[in-house]
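Colleague: My questions all concern the structure below.
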Amino acid sequence: MSGDGLQAGRNYGLLVAQKLLEKRQADPGASDVGYVASLAPGAHRPDPDNPEQGFHAPFYGAKSRCFAVTERHELAPPPALQSQEYIDALRQVRGKGIAPALMGTLPADFDRRTPNETVVGIYWGYDGAAGLGTPPRLYNQIVRAVAIQQCNDIAQNARLFALVNAAMGDAGILSWDQKYIHDFWRPVVGIREADPSLGPAGMGNSVTNRISEDADPSWLPLGAPNTNSGGKNNFTPNFPAYPSGHATFGAAALHITRLFYGVKGHCNDDLFKNLTFVSEEFNGVNQDNQGTVRPKHDRSFPGGLWEMIRENGVSRVYLGVHWLFDAFVEDENKNINLQCNIGGVPLGVKIAEDIFYNSLNLSNVGPRL
């Protein structure tokens, strides 16, 4: 690169970076030192298949200042244990998210995960795997494909990617804040301990020794893909389920992109028209956790970025690491219900609209604690 303004631009970028670092000196790290997990039914505990995993960033959301939002957006609580909404979600993920080796243990009337749903689950993974990274990298790759098709100039790209990454910065802070406020267990614990007699708080059953039919003490998920790991288990992430980080990050990044291009409303769009996208989880090069190369998969999204927001959210159910309400709940027409304010998609949408309509100003919103 060359040009008259190159050095001046570099110097200005360094100044901006320095100012941001100064603003964020008090942000906590990801350590769980001093954090004590609850043993109550419904509370998050480590994956029993990875019992030494600890707890990721329990203080980060509450003690970090925000990047660009004008308020600390919050969610309604998830469905109560034993409510019909919760039982429906439990039965869904028990069938759709189960480990392949355990598929034969499901009751006959359960909906099982299809091969296409398995692909969807893995396709959106990017669970910190070697050579892939974390979900924000995936969403930046998608936005880049849109920006190229839209023939953005340098100034448009600068603003678009600033919006996208500021939104994801706040998505990380606010979703982690909500995660540790609601402290909701993952399916691998919730299904294994769905009867009151099971788990560390189990008190037995004085009426019958027959456990609830919604409990399966041996249940395990397909798991977040441990790609390129050389034989390590797939896993359940080491932080509470509600809301889904994938759903929050994805909705924040992709919805603010929709707003940048003038898309109105919360419905399908044409921003991915004539485009396809190859996830690096399915690029014909990267390997599953057993060392087998996954085939290349070129996937289209005729419903645009809104379709991506939805599929990204539900993908975590197919891995067995999230309940559907961690991403969103549906209305009577099976559309995403934003009004009930449950799940990562509503949170991400609120973050995107807040930042976009308030002109990407540096946030004055400090830590909650």
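The values are calculated or read from the model by the stated rules, or taken from the named source; none is laboratory data. In this text the structure is predicted, and so the values were computed from the model without any measurement. As a convention, Cβ positions derive from the backbone with ideal geometry for all residues, glycine included, and neighbour counts pool all protein chains shown.
Colleague: Enumerate the pairs (first residue in the range 324-346 and more than 14 Å from E311 (Cβ to Cβ) and without any contact (Cβ under 8 Å) to a residue 12 or more places away in the chain; second residue anywhere and assigned to a loop (DSSP other than H, G, I, E, B) and hydrophobic (A, V, I, L, M, F, W, C)) with beta-carbon separation below 6 Å, excluding pairs fewer than 6 apart on the same chain, so at least 6 apart or on different chains.
Modeller: Close Cβ pairs satisfying both conditions: N337/V329.
Colleague: Picking from A30, A37, A26, A17, which residue would you name as being out of contact with any Phe, Trp or Tyr (no Cβ under 7 Å at 6 or more places or on another chain) and either in a loop (DSSP other than H, G, I, E, B) or among the hydroxyl-bearing types (S, T, Y) (or both)? Steps first, please.
Modeller: Values: A30 fails: out of contact with any Phe, Trp or Tyr (no Cβ under 7 Å at 6 or more places or on another chain); A37 fails: out of contact with any Phe, Trp or Tyr (no Cβ under 7 Å at 6 or more places or on another chain); A17 fails: either in a loop (DSSP other than H, G, I, E, B) or among the hydroxyl-bearing types (S, T, Y) (or both).
On inspection, the qualifying residue turns out to be A26.
Colleague: Determine, yes or no, whether V321 is assigned to a loop (DSSP other than H, G, I, E, B) and either at positive phi or within 17 Å of the chain's Cα centre (by Cα) (or both). Let's see the steps before the verdict.
Modeller: Values: assigned to a loop (DSSP other than H, G, I, E, B): yes; either at positive phi or within 17 Å of the chain's Cα centre (by Cα) (or both): yes.
So V321 passes the test.
Colleague: I would also like to ask the following. Could you tell me which numbered condition Y318 fails, if it satisfies all but one of (1) surrounded by 20 or more Cβ atoms within 10 Å (Cβ to Cβ); (2) closer than 22 Å to L75 by Cα; (3) touching a Ser or Thr at 6+ places or on another chain (Cβ under 8 Å)?
Modeller: With respect to (1) surrounded by 20 or more Cβ atoms within 10 Å (Cβ to Cβ); (2) closer than 22 Å to L75 by Cα; (3) touching a Ser or Thr at 6+ places or on another chain (Cβ under 8 Å), Y318 is out only on (2).
Colleague: Okay, next question. Could you give every pair whose Cβ atoms fall below 7 Å, whose first residue belongs to the range 99-116 and is on the phi > 0 side of the Ramachandran plot and touching a residue at least 24 places away in the same chain (Cβ under 8 Å), and whose second residue is small (G, A, S) and surrounded by 12 or more Cβ atoms within 10 Å (Cβ to Cβ), counting only separations of at least 6 or pairs across chains?
Modeller: Taking only residues 6 or more apart or on different chains, not a single pair turns up.
Colleague: Within the range 22-65, take every residue that is among the charged types (D, E, K, R) and free of Cβ contacts under 8 Å to residues at least 60 places away in the same chain and give me the one that is farthest from P217 (Cα to Cα). Spell out the reasoning first.
Modeller: First, pick out the residues of the range 22-65 that are among the charged types (D, E, K, R): 22-24, 27, 32, 45, 47, 49, 52, 63, 65.
Still in the running and free of Cβ contacts under 8 Å to residues at least 60 places away in the same chain: 22, 24, 27, 32, 52.
Numbers: E22: 49, R24: 44, D27: 39, D32: 28, E52: 19 Å.
Only one residue fits best here, namely E22.
Colleague: Let me confirm something: among G231, G262, which residue is modelled with pLDDT of 95 or more, on the phi > 0 side of the Ramachandran plot and small (G, A, S)? I'd like the intermediate steps shown before the answer.
Modeller: Numbers: G231 fails: modelled with pLDDT of 95 or more.
Being modelled with pLDDT of 95 or more, on the phi > 0 side of the Ramachandran plot and small (G, A, S) holds for just one of G231, G262, which is G262.
Colleague: Now a separate question. Out of all the residues in the range 296-309, is one or more part of a loop (DSSP other than H, G, I, E, B), crowded, with 16+ Cβ neighbours inside 10 Å and modelled with pLDDT of 95 or more? Step through it out loud before you land on a result.
Modeller: We begin by selecting, within the range 296-309, every residue part of a loop (DSSP other than H, G, I, E, B); these are 301-303.
Next cut, crowded, with 16+ Cβ neighbours inside 10 Å only: 301, 303.
Adding the requirement that they be modelled with pLDDT of 95 or more leaves 301, 303.
Yes, some residue in the range 296-309 is part of a loop (DSSP other than H, G, I, E, B), crowded, with 16+ Cβ neighbours inside 10 Å and modelled with pLDDT of 95 or more.
Colleague: Could you tell me how many of the residues in the range 321-369 are in contact with a Leu (Cβ under 7 Å, 6 or more places away or on another chain), more than 14 Å from T248 (Cβ to Cβ) and either surrounded by fewer than 18 Cβ atoms within 10 Å (Cβ to Cβ) or small (G, A, S) (or both)?
Modeller: Summing the residues that are in contact with a Leu (Cβ under 7 Å, 6 or more places away or on another chain), more than 14 Å from T248 (Cβ to Cβ) and either surrounded by fewer than 18 Cβ atoms within 10 Å (Cβ to Cβ) or small (G, A, S) (or both) in the range 321-369 gives 1.
Colleague: So, of the residues in the range 326-369 that are acidic (D, E) and in a helix (DSSP H, G or I), which turns out to be nearest to the chain's Cα centre (by Cα)? Show your work before the answer.
Modeller: Keep residues of the range 326-369 that are acidic (D, E), which gives 326, 330-332, 353-354.
Those still in the list that are in a helix (DSSP H, G or I) too: 326, 353-354.
Working: D326: 8, E353: 19, D354: 20 Å.
The extreme case among them is D326.
Colleague: Across the range 1-23, what is the total count of residues that are of a type in the set (D, E) and within 22 Å of F67 (Cβ to Cβ)? Steps first, answer last, please.
Modeller: If we filter the range 1-23 for residues that are of a type in the set (D, E), which is where we start, we get 4, 22.
Those left that are additionally within 22 Å of F67 (Cβ to Cβ): 22.
So the answer is 1.
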